[in-house]
Each structure stands twice: as structure tokens, then as C-alpha cells.
1. For the structure I just gave you, tell me whether S47 is in contact (Cβ under 8 Å) with a residue 40 or more places away in the chain and more than 17 Å from the chain's Cα centre (by Cα).
2. Can you find a residue that is free of Cβ contacts under 8 Å to residues at least 60 places away in the same chain, surrounded by 14 or more Cβ atoms within 10 Å (Cβ to Cβ) and not in a strand (DSSP E or B) anywhere in the stretch 146-156?
3. Checking the conditions here, which among A104, A121 is small (G, A, S) and either without any contact (Cβ under 8 Å) to a residue 60 or more places away in the chain or over 25 Å from P27 (Cα atoms) (or both)?
4. Kindly indicate the residue of the stretch 23-79 that is part of a loop (DSSP other than H, G, I, E, B) and small (G, A, S) and also surrounded by the most Cβ atoms within 10 Å (Cβ to Cβ) among those meeting that condition.
5. Just the residues that are more than 14 Å from the chain's Cα centre (by Cα) and in contact (Cβ under 8 Å) with a residue 40 or more places away in the chain, please, taken from the stretch 51-67.
6. Out of all the residues in the stretch 119-133, is one or more in a helix (DSSP H, G or I), at pLDDT below 95 and not acidic (D, E)?
7. What residue, among those in the stretch 138-163 that are of a type in the set (D, E, K, R) and within 15 Å of the chain's Cα centre (by Cα), is modelled with the highest pLDDT?
8. May I ask you to list the residues in the stretch 80-108 that are under 24 Å from D20 (Cβ atoms) and at pLDDT 90 or above?
Amino acid sequence: MLGMAQDHITPASAIRTARDIDAPSHPAVCEIFDYWNGKRGPRRMPSRADIDPIELRRLVHHVVLYDVVEPGRLYRVRLVGSAIVDFYGVNATGAWAGSHMPPASAAQMIEILTSVVAGRAPRLRAGLAHWHADKSYRSYEACFLPLSSDGEHVDKILAGIGFDTAG
């Protein structure tokens with residue numbers, strides 16, 4: 001997955017490479033997904049209270065936590081891990097999801113978050129970093145995992161993102 005061809009890649013072509021995947025392969029994304037799945041147990045999704053930052057301390061730099069403010073429209077970034085901040089060059093903590101992205105990438109992000117809320121199920125993605133023009137040749141893999149305080153309605157989304165090590 002992370003060894004995609006890099007010839008003639010532009011941000012516009014990179015957004016088209018992003019796709020849903022069946023299972024993660026990036027080590028950090030696999031660990032975050034497995035952690036969430038273990039906390040879920042027989043339930044559809046775990047709650048935020050089930051997620052222990054101490055248990056995730058080795059992986060927290062690959063984590064984003066979103067608050068679901070208005071499903072389908074507004075998601076607030078509650079936490080952004082340092083690997084993501086270092087890659088993107090912006091700490092979006094406290095901002096609206098997508099507010100630091102080009103419009104097409106922001107729309108795609110909102111669609112992904114909305115699908116996690118509506119489906120009450122994880123969404124796994126891979127592709128090129130289309131939201132960052134200077135790094136649109138870099139591969140990423142991500143998981144978007146629903147959290148629910150009442151077991152029915154998604155009120156937070158835990159995301160894990162891993163980047164290739166090139167460049």
C-alpha cells in the first residue's frame with residue numbers, strides 16, 4: 001500500500017487515489033484499530049470513556065479525536081497527534097474538521113466523518129496526502145473509528161493516521 005508510484009502526481013490527481021480499504025496494513029493504524037476493536041468487544045462501538053490515553057501513549061502521536069457537533073456538517077478537532085502536526089505543519093486542535101484543507105479535501109473529510117456517524121461503523125482509507133500540496137506524493141493510511149457514550153449515537157470519532165517514511 002505505502003509503495004505507490006510517484007510519477008506526475010498533483011494534488012488533484014492525488015485526491016483521486018484515496019480509497020476505502022478492507023483492513024489496515026500500516027503498523028500504527030493496525031494497532032489503533034486493534035485497540036479500538038478490543039475495547040469494543042461485543043458492542044457496535046466503544047465509548048470515549050473506554051479509551052485510555054495511557055494505553056495509547058505509544059500511538060497517540062498518530063491519533064486524531066473528533067467531536068461530533070452537528071452530524072453531516074460540523075466536527076471539531078479535539079486532539080491531533082504530533083506525527084500528524086509534524087507532517088501537515090498545522091495543529092488543528094480546536095478547529096473545525098477540514099478547515100485547514102483545500103475545499104475538495106475538506107469535503108471528502110466531512111463525507112468520511114459523516115459516513116462513520118451514519119453507519120456507526122469504522123471506515124478505513126488509504127491513498128496519497130492530497131490535502132497537503134507539498135506532500136501530495138506521500139502515502140497515508142487511516143482508520144476512522146466511532147465512539148458512543150450511549151451505545152447508539154456516535155458522539156466522537158477516533159482516527160489513526162500513518163504516513164510512509166519517504167521524503
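The values are calculated or read from the model by the stated rules, or taken from the named source; none is laboratory data. This one's a predicted model, so the numbers in the text were calculated from it and none came from an experiment. Quick reminder, even Gly has a Cβ in these numbers, built from the backbone with ideal geometry, and neighbours come from all protein chains shown.
1. Working: in contact (Cβ under 8 Å) with a residue 40 or more places away in the chain: yes; more than 17 Å from the chain's Cα centre (by Cα): yes.
Considered against the rule, which asks whether it is in contact (Cβ under 8 Å) with a residue 40 or more places away in the chain and more than 17 Å from the chain's Cα centre (by Cα), S47 comes out as yes.
2. For the stretch 146-156, residues free of Cβ contacts under 8 Å to residues at least 60 places away in the same chain, surrounded by 14 or more Cβ atoms within 10 Å (Cβ to Cβ) and not in a strand (DSSP E or B): absent.
3. Selected residue: A104, the only one of A104, A121 that is small (G, A, S) and either without any contact (Cβ under 8 Å) to a residue 60 or more places away in the chain or over 25 Å from P27 (Cα atoms) (or both).
4. S47
5. Restricting attention to the stretch 51-67, the residues satisfying the condition of being more than 14 Å from the chain's Cα centre (by Cα) are 51-58.
Result: I51, single match.
6. Of the residues in the stretch 119-133, the ones in a helix (DSSP H, G or I) are 119, 133.
Remaining after also requiring at pLDDT below 95: 133.
Now restrict to residues that are not acidic (D, E): 133.
Taking every residue of the stretch 119-133 in turn, at least one turns out to be in a helix (DSSP H, G or I), at pLDDT below 95 and not acidic (D, E).
7. From the stretch 138-163, those of a type in the set (D, E, K, R) are 138, 141, 150, 152, 155-156; that's our starting set.
Then keep just the ones that are within 15 Å of the chain's Cα centre (by Cα); that gives 141, 156.
Values: E141: 93, K156: 98.
Once the filter is applied, the top-ranked residue is K156.
8. Matches in the stretch 80-108: V80, G81, A92, W96, A97.
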